[in-house]
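Notes to accompany the following structure.
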Protein chains: 2
Amino acid sequence: MKAAEYNEDCKWMREALEVARQAGQAQEVPVGAVVVADGKLLAAAANARQWGLDPLGHAEIIALRAAAEKLGSRYLNACSLYVTLEPCPMCAGAIVLARVERLIYAADDPKAGACGSLYNIPQDARLNHHVAITRGILADEAGQLLSDFFKAQRALGKK
Amino acid sequence: MKAAEYNEDCKWMREALEVARQAGQAQEVPVGAVVVADGKLLAAAANARQWGLDPLGHAEIIALRAAAEKLGSRYLNACSLYVTLEPCPMCAGAIVLARVERLIYAADDPKAGACGSLYNIPQDARLNHHVAITRGILADEAGQLLSDFFKAQRALGKK
């Protein structure tokens, strides 16, 4: 049963990684997110801060909004969110507001992560919704994707 | 000098309160936000969670995004954000990401506030941008607006 859940988590994280990879190829910071309900893909999005000049264009925000629109509901109670990088405070807060059931992320973000690193907002007992969290699914692959991207950007003199 | 800044803060908070009031009249939770740069209004928005079925439709998010679009920039370095209620974790994180210079808010939110109540995300030394905060401008008026709204909603059996 545990193995089946792990395999399912890896399957969806691979989808999120593929979205992230495509973003990286288009010069966007390679972070991807997918929202899944009842074993089906509801929404997928990449980070889009550079593309859209949107300071708030993180993959999680775009995917959650798309999923809510698709469901016609403000709440994503039965949904799982897969992300390739630990969500920041903004995205962690959004995950609580949208009442996501489960968060699964790949790489930790020691600089700005708010789901275990700097804070653990989705599991703060003082807030009115709490989220189950699974960490580290395909973390090496997600971390490598990001470090390769920033290495290439530095080589181009962009960062 | 202090008095001039206070008067300026009250002026813009009144704008935010007016936006909040209009939202309340339209059955939306009455929270308003305005973004100001160089003494001019850049963007104004009300909470829109009920209207748009958007779990992330807080006034601050909508106003910050509109201001970034207007400026054609991801960053709002020289901007002040006025809000009638202390921002939640999502909005506090967004304020940091957008690199807002100053946050001015009216009423504290002891249940979900992330700018001094539960957390103080905009002034977390571990994050890469820090925001000046002024609290309590027209707080009584903003608090009254919210409590009147929820009292009326309860009377209607809606909450």
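The values are calculated or read from the model by the stated rules, or taken from the named source; none is laboratory data. Keep in mind that what you see is a predicted model, and the values were worked out from it rather than measured. Here Cβ is always computed from backbone atoms with ideal geometry, including for glycine, and neighbour counts include all displayed protein chains. In case anyone asks, the SASA skips ligands and DNA or RNA and just uses the protein heavy atoms, side chains included. Shrake-Rupley method; radii C 1.70, N 1.55, O 1.52, S 1.80 Å.
Hey, can you tell me all the residues within segment A:117-144 that are open to solvent by 30 Å² or more (accessible area, probe 1.4 Å) and either touching a Ser or Thr at 6+ places or on another chain (Cβ under 7 Å) or among the basic types (Lys, Arg) (or both)?
Hits for segment A:117-144 are A:126, A:135.
Kindly establish whether residue A:87 is open to solvent by less than 20 Å² (accessible area, probe 1.4 Å), closer than 15 Å to residue A:134 by Cα and either in a loop (DSSP other than H, G, I, E, B) or of a type in the set (Gly, Ala, Ser) (or both).
The answer is yes for residue A:87.
Tell me, which residue of segment A:7-27 that is free of Cβ contacts under 8 Å to residues at least 24 places away in the same chain and not polar (S, T, N, Q) is surrounded by the fewest Cβ atoms within 10 Å (Cβ to Cβ)?
Restricting to residues being free of Cβ contacts under 8 Å to residues at least 24 places away in the same chain and not polar (S, T, N, Q), the top hit is A:11.
Which ones in segment A:30-48 are touching a residue at least 40 places away in the same chain (Cβ under 8 Å), in a loop (DSSP other than H, G, I, E, B) and buried (at least 20 other Cβ atoms within 10 Å of the Cβ)?
Within segment A:30-48, A:30, A:31 qualify.
Could you check segment B:49-84 and list, in sequence order, the residues that are part of a loop (DSSP other than H, G, I, E, B), touching an Asp or Glu at 6+ places or on another chain (Cβ under 9 Å), within 13 Å of chain A (Cβ to nearest Cβ) and open to solvent by 20 Å² or more (accessible area, probe 1.4 Å)?
B:53, B:54, B:74, B:77, listed by residue number.
Residue B:112: in a helix (DSSP H, G or I) and either buried (at least 20 other Cβ atoms within 10 Å of the Cβ) or at negative phi (or both), yes or no?
So residue B:112 does not fit the description; no.
For segment B:118-157, which positions are assigned to a loop (DSSP other than H, G, I, E, B), in contact (Cβ under 8 Å) with a residue 12 or more places away in the chain and over 27 Å from residue B:78 (Cβ atoms)?
B:118, the sole residue that qualifies.
For residues that are among the small types (Gly, Ala, Ser) and under 14 Å from the mean Cα position of the chain (by Cα), tally how many sit in segment A:1-47.
Qualifying residue count, segment A:1-47: 9.
Go through (1) within 9 Å of chain A (Cβ to nearest Cβ); (2) open to solvent by 20 Å² or more (accessible area, probe 1.4 Å); (3) within 23 Å of residue B:71 (Cβ to Cβ); (4) not acidic (Asp, Glu) for residue B:102 and report which single condition fails.
(1)
Take segment B:121-137 and flag every residue that is out of contact with any Lys or Arg (no Cβ under 9 Å at 6 or more places or on another chain) and either more than 11 Å from chain A (Cβ to nearest Cβ) or of a type in the set (Asp, Glu) (or both).
B:123, B:124, B:130, B:135, B:136, B:137
Does residue B:94 satisfy being in contact with a helix residue (DSSP H, G or I) (Cβ under 8 Å, 6 or more places away or on another chain), at pLDDT 95 or above, within 11 Å of another protein chain (Cβ to nearest Cβ) and outside any loop (DSSP other than H, G, I, E, B)?
yes
Given the structure, is residue A:114 modelled with pLDDT of 95 or more and either of a type in the set (A, V, I, L, M) or closer than 30 Å to residue B:123 by Cβ (or both)?
Considered against the rule, which asks whether it is modelled with pLDDT of 95 or more and either of a type in the set (A, V, I, L, M) or closer than 30 Å to residue B:123 by Cβ (or both), residue A:114 comes out as yes.
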